[in-house]
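A quick write-up on the structure given underneath.
The values are calculated or read from the model by the stated rules, or taken from the named source; none is laboratory data. All values derive from a computational prediction rather than experimental measurement. All Cβ positions, glycine included, derive from the backbone under ideal geometry; neighbour counts span all protein chains shown. Areas reflect the complete protein model, heavy atoms only, side chains present, ligands, DNA and RNA absent. Shrake-Rupley method; radii C 1.70, N 1.55, O 1.52, S 1.80 Å.
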Amino acid sequence: MRESELDVADVQQRAGTGALPPGDRIDDLVREAYGRARTHAEGEVADYIPILAEADPASFGVCVAGVDGELHEIGDTRIRFSIQSISKAFVYALVCDALGHEKAFDVIGVNNTGLAFNSVVAIELNDGHPMNPMVNAGALAATAMVPGDTAAEKWDAVVSGLSRFAGRELVVDETVYRSEVETNLRNRAIAQLLESYGRITVDPLEVVDVYTRQCALLVDARDLAVMGATLADGGVNPLTGERVVSASVCRDLLAVLAATGLYERSGEWLFEIGLPGKSGVAGGLVTVAPGKVGIGTYSPPLDSAGNSVRGQIATAYLSRGLGLNIFASDSHFSGRTPR
Ligand code: GLN
């Protein structure tokens, strides 16, 4: 989305190189971001997974979690929804932590496909290479690489790993899971295509099953903020103090998210917001300001690439107001004598 669509043309950009404002100012900015984004009714609720169409388009929550563990939240931050594609980021982190980034890099890649998240063409155009872990092909390849000899062991590793990121036990929404199982022919085709290229070396339909379950894990906006804050905090959950993944895994994942987290809109997102983020089709969005905060938002209406419209608008406001854009700097020169 462009600056005008994000409704931030009049918002002053603070430098991302500065410190966070004090907590009460963060609360004010969260309230302002929510108020501004709430007036936007653009976007469509996803319906290709039938159950998702039942979501209330008016639901909206925003939560900022600091690396100090402070939460700043407003609206429907405790409504639970399926994590969907946002799981891809955290499963990839678990795979990199277990196998090393190099191995994941070779099998999956880190470049944007420039095509839709469920594209089959992207696989064919790249000789069977998934290209990146944030589209379905790369995510299926990543789930196939999760440690475990059986699908059940892989699932245990996924659910316990994502729960450590959230700081609580996550559970599957069985209705969402079943709704997607009945309609995920395309993901089955993608997994079998990857098997034909030797990119998935275990049973591809079992991989799709674990992937579909991971997408049906229930989270709320607050969970997403905490999961994002864990990535902002070098892999340590700021609520539980537990190390979930290494700091280098966080660094590598955030680079991948910056390039690919909002699918074919990732360039626009990085240009306007200047932060790594990841969206999901149920309306969740997680954004990470390294060393500072995680931002979690929930609002079901999506743009044409599958990214939450209100989530992007609220996050753009917070990026500017809180000074999070990693590319925005102030001059160091002011007050210094010329050399
Ligand atoms: N489970 C969904 C799918 O595979 C996730 C997609 C998404 O959130 N973009 O189609």
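Within segment 58-83, the set of residues being assigned to a loop (DSSP other than H, G, I, E, B) and touching a Leu at 6+ places or on another chain (Cβ under 6 Å) comprises 69, 80, 83. Going residue by residue through segment 231-242, is there one that turns out to be within 29 Å of residue 2 (Cβ to Cβ), crowded, with 24+ Cβ neighbours inside 10 Å and not β-branched (Val, Ile, Thr)? There is at least one residue in segment 231-242 that is within 29 Å of residue 2 (Cβ to Cβ), crowded, with 24+ Cβ neighbours inside 10 Å and not β-branched (Val, Ile, Thr). For residue 289, the stated conditions do not hold, so it cannot be described as within 16 Å of the ligand (Cβ to nearest atom) and over 20 Å from residue 76 (Cα atoms). Within segment 147-164, the residues that satisfy the criterion of being open to solvent by 20 Å² or more (accessible area, probe 1.4 Å), of a type in the set (A, V, I, L, M) and in contact with a helix residue (DSSP H, G or I) (Cβ under 7 Å, 6 or more places away or on another chain) are 151, 157. When residue 261 is tested against (1) crowded, with 24+ Cβ neighbours inside 10 Å; (2) more than 14 Å from the chain's Cα centre (by Cα); (3) within 29 Å of residue 179 (Cβ to Cβ); (4) not hydroxyl-bearing (Ser, Thr, Tyr), just one condition goes unmet, and that condition is (2).
Of all the numbered requirements in (1) at pLDDT below 95; (2) in contact with a helix residue (DSSP H, G or I) (Cβ under 6 Å, 6 or more places away or on another chain); (3) over 29 Å from residue 236 (Cβ atoms), residue 101 misses one, and that requirement is (3). Consider segment 1-23 and keep the residues that are under 14 Å from residue 318 (Cα atoms) and part of a helix (DSSP H, G or I). The one that is most open to solvent (accessible area, probe 1.4 Å) is 3. Considering segment 191-219, and only residues there that are touching a residue at least 60 places away in the same chain (Cβ under 8 Å) and away from the ligand (no atom under 16 Å from the Cβ), the residue that is nearest to residue 276 (Cα to Cα) turns out to be 199. Residue check: residue 188 meets all listed conditions (1) within 12 Å of the ligand (Cβ to nearest atom); (2) closer than 21 Å to residue 119 by Cα; (3) crowded, with 21+ Cβ neighbours inside 10 Å but one, namely (3).
Are any of the residues in segment 171-184 more than 13 Å from the ligand (Cβ to nearest atom) and open to solvent by less than 10 Å² (accessible area, probe 1.4 Å)? Within segment 171-184, not a single residue is more than 13 Å from the ligand (Cβ to nearest atom) and open to solvent by less than 10 Å² (accessible area, probe 1.4 Å). Condition (residue is within 16 Å of the ligand (Cβ to nearest atom), in a loop (DSSP other than H, G, I, E, B), modelled with pLDDT under 95 and not aliphatic (A, V, I, L, M)) applied to segment 29-50: is it met by at least one residue? Scanning segment 29-50 turns up at least one residue that is within 16 Å of the ligand (Cβ to nearest atom), in a loop (DSSP other than H, G, I, E, B), modelled with pLDDT under 95 and not aliphatic (A, V, I, L, M).
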